[in-house]
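Novice: The structure is given below, and queries will be raised subsequently.
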Amino acid sequence: MPRFNFWTLVLIFTWLLLLGLLFVPVGSVLVSSLYDNAGNFTFANYAKALGDERIQRAFFNTLLVGFGGLAGALILGSVMAFCVSRFQIAGGRFVSLLAIMALVSPPFIGAYSWIVLFGSAGVARSALKTIGINIPTIYGLSGILIVFSLKFYPYVYLMVSGALSNVNRSLEEAAEGLGLTPFQRAMKISFPLVLPALSAGGLLALIHAIADFGTPRLLGRGFNVLATEAFTLYSAEIGSNMSMASTISVILVLMSMIFVLLQRYMSRRNVYHGNMINKPHKIRLRGWKNVLAHVAVYGIGLAGAIPVIVAVIYSFRKTSGPVFQPGFALQSYERIVFGLGDVVTNSLTFSVASVVLIVIVGTLIGCLVARRTTLNTSILDGALMVPYVMPGIVIGIAFIAAFNTGPVVLTGTALIIILSIFIRRLPYTVRTTSSALRQIGPNMEEAAISLGYSPFRAFMKVTVPLIVPGIIAGAMLSFVTAINELSSSLVLYVGRTMTMPVRIYLLILDGDFGTAAALSTILLLLSGTAVYIAFRFLGRNEQALL
């Protein structure tokens, strides 16, 4: 019979934590979807959802943008990964930086920047119009797919480039000796070996595309998806449509979970045993082939980073109210200093408070998962993947359903935002900590216990110092995602708890692009600093961002 010790307490605490902050809120959504406005148990909400043309269309649109974004991410990510991994590309590290910038920038900044360029009065669209070239606006399905493709291609690029770098060169040399052409070698040798990474990266793009709220909300213009429908039903008439909003949330959760299980299946197959002393050589291309490879790589990288570049430039544009004027000035930043300091303070306070909780709890759970491999901890590890990919809008509605009435009322407080960010981003530190621990044998910790240390003291004195880099890296990655959180905060905020992403979203809706750009630049600066610190401790392991 297992001995009751410190780690048993951690295991019990973790399950209680998931019960209170994940299972009860999500269960409240499920229960809410099974009752009508009069409080009677019914499946009418699901029947109505299945028969409602608007929700049917939103369901179809969600799949459309999900698989459309997946296709775009696969094409762009694969091309970039193949070129960077197999050919000598000048400034290859800069290209990876561009991909990371696209990955860590908030998705709604991408949508906003593309509106600035190709909206109804977009700068690039207007310039093209003056020379007789008319192009459609960025709004609608095509715009959403473009933004998703450029936002999520780094998932495919980072995973596939890592897999291509581990392909044993002797396999391709043997195929070349048998007379296969370069194309045949790529299709018969390289492609099957990187297929698990390709599918896993693509499924990550798919999961994030169907969960995204900001981009369809800003660019859709009538093109609704399930996430925007759930928010519309919730925000239009709070309470009266909560049941239907909950029903859509349950459908969204089920859809996400199917793809999460598929993604985990693909990830388990993504195991490579590369020969580190026989890695593929990068070929130096010449002539038009070299030009074509560089154009492809830099074209994809710069297109993905355009939102960041546009946001920074427009943050320094001179403005008169919400209207841009010729020249540059610091007016947008002045408005933040003198009028929006509270949202910056809120974002930093909520993010730091969440990260402190994440570091303490995530480190303990990461150690538990890595060191105590039992059926119980395996189930726990799987359960922790649920908040990692659960749409933020669902988390927000779930917390409202669970904490609006009853023994614990948290709606309208800062604590509910902190807890929602905490539970949603907890898996980052759990994963980085458990990964760091799996590279360190348990011998030293066991030796300390045999010398009379308690399990807790051995953990603090021996284990924690060894995994500090993993803890800090996980904390920084959690900070990046926490400070950029929009979907759940948009449901949970009140006037005094407004955060930077929520304020940026509202400023864009109000047409105040200058101030939104300045806030976005501050957000990007904070995110970039956190990513730099994470890389310092991860040893430039870009794949850890996934």
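The values are calculated or read from the model by the stated rules, or taken from the named source; none is laboratory data. None of these values were measured; they are calculated from a predicted model. A quick note on method: Cβ atoms are made from the backbone with ideal geometry, for glycine too, and the neighbour counts reach across all protein chains shown. Ligands, DNA and RNA are excluded from the accessible area calculation, which covers all protein heavy atoms including side chains. Shrake-Rupley method; radii C 1.70, N 1.55, O 1.52, S 1.80 Å.
Novice: Tally the residues that are under 24 Å from ILE75 (Cβ atoms) and in a loop (DSSP other than H, G, I, E, B), restricting the search to region 115-153.
Specialist: 6
Novice: Collect the residues in region 362-388 that are open to solvent by 50 Å² or more (accessible area, probe 1.4 Å), of a type in the set (Val, Ile, Thr) and in a helix (DSSP H, G or I), keeping them in residue-number order.
Specialist: Within region 362-388, just ILE379 meets the criteria.
Novice: If I go through region 280-331 residue by residue, how many of them are within 30 Å of SER170 (Cα to Cα) and of a type in the set (D, E, K, R)?
Specialist: Of the residues in region 280-331, 4 are within 30 Å of SER170 (Cα to Cα) and of a type in the set (D, E, K, R).
Novice: Do we have ILE421 as within 25 Å of VAL253 (Cα to Cα) and buried (at least 19 other Cβ atoms within 10 Å of the Cβ) here?
Specialist: yes
Novice: Being aliphatic (A, V, I, L, M) and under 28 Å from the mean Cα position of the chain (by Cα) is the filter; apply it to region 431-465 and report the residue that is modelled with the lowest pLDDT.
Specialist: Our first condition is that a residue be aliphatic (A, V, I, L, M); within region 431-465, this holds for 436-437, 440, 444, 447-449, 451, 458, 460, 462, 464.
So of that shortlist, the ones also under 28 Å from the mean Cα position of the chain (by Cα) come out as 436-437, 464.
Details: ALA436: 68, LEU437: 72, VAL464: 76.
So, considering only residues that are aliphatic (A, V, I, L, M) and under 28 Å from the mean Cα position of the chain (by Cα), the one modelled with the lowest pLDDT is ALA436.
Novice: I need a count of the residues in region 347-361 that are open to solvent by less than 40 Å² (accessible area, probe 1.4 Å) and under 24 Å from ARG503 (Cα atoms).
Specialist: 6
Novice: Follow-up. With respect to the numbered conditions (1) of a type outside the set (S, T, N, Q); (2) at pLDDT below 80; (3) farther than 26 Å from THR411 by Cα, which one is the sole condition not fulfilled by TYR234?
Specialist: (3)
Novice: Note down all Cβ pairs under 9 Å where the first residue falls in region 381-396 and is modelled with pLDDT under 80, the second is among the acidic types (Asp, Glu), and they're at least six residues apart or on different chains.
Specialist: Listed by first residue and then by second, the contacts come to PRO391/ASP212.
Novice: Give me the helices (runs of 4 or more DSSP H) completely within region 158-231, filtered to those with at least 1 residues that are within 30 Å of ASP510 (Cβ to Cβ), in contact with a helix residue (DSSP H, G or I) (Cβ under 6 Å, 6 or more places away or on another chain) and at pLDDT 80 or above, ordered by residue number.
Specialist: Per the criteria, 191-211, 214-219.
Novice: Right, another one. Can you name every residue in region 28-62 that is open to solvent by 50 Å² or more (accessible area, probe 1.4 Å) and under 23 Å from the mean Cα position of the chain (by Cα)?
Specialist: Residues satisfying the conditions are PHE59, PHE60.
Novice: Quick one: which of LEU292, LEU285, LEU348 is modelled with pLDDT of 85 or more and over 30 Å from THR232 (Cα atoms)?
Specialist: It is LEU292.
Novice: Among the residues of region 112-131, count how many are modelled with pLDDT of 80 or more and open to solvent by less than 60 Å² (accessible area, probe 1.4 Å).
Specialist: Residues that pass the stated criteria total 13.
Novice: Separate question: Working only within region 120-165, note down all residues that are more than 23 Å from the chain's Cα centre (by Cα) and basic (Lys, Arg).
Specialist: ARG125, LYS129
Novice: I'd like the full set of residues that are surrounded by 13 or more Cβ atoms within 10 Å (Cβ to Cβ) and more than 13 Å from ALA516 (Cα to Cα), limited to region 305-329.
Specialist: Once the filter is applied, which keeps residues that are surrounded by 13 or more Cβ atoms within 10 Å (Cβ to Cβ) and more than 13 Å from ALA516 (Cα to Cα), region 305-329 yields ALA305, ILE306, ILE309, LYS318, GLN325, ALA329.
Novice: Starting from region 53-70, keep only residues that are closer than 12 Å to LEU252 by Cα, then list their pairs with residues that are at pLDDT below 90 and of a type in the set (Ser, Thr, Tyr) whose Cβ atoms are within a distance under 7 Å, requiring at least 6 positions of separation or different chains.
Specialist: From region 53-70, no pairs qualify.
Novice: So is ALA71 within 30 Å of SER149 (Cβ to Cβ), open to solvent by less than 30 Å² (accessible area, probe 1.4 Å) and either modelled with pLDDT of 85 or more or of a type in the set (Gly, Ala, Ser) (or both) or not? Lay out the reasoning, then the answer.
Specialist: Values: within 30 Å of SER149 (Cβ to Cβ): yes; open to solvent by less than 30 Å² (accessible area, probe 1.4 Å): no; either modelled with pLDDT of 85 or more or of a type in the set (Gly, Ala, Ser) (or both): yes.
Criteria not met by ALA71.
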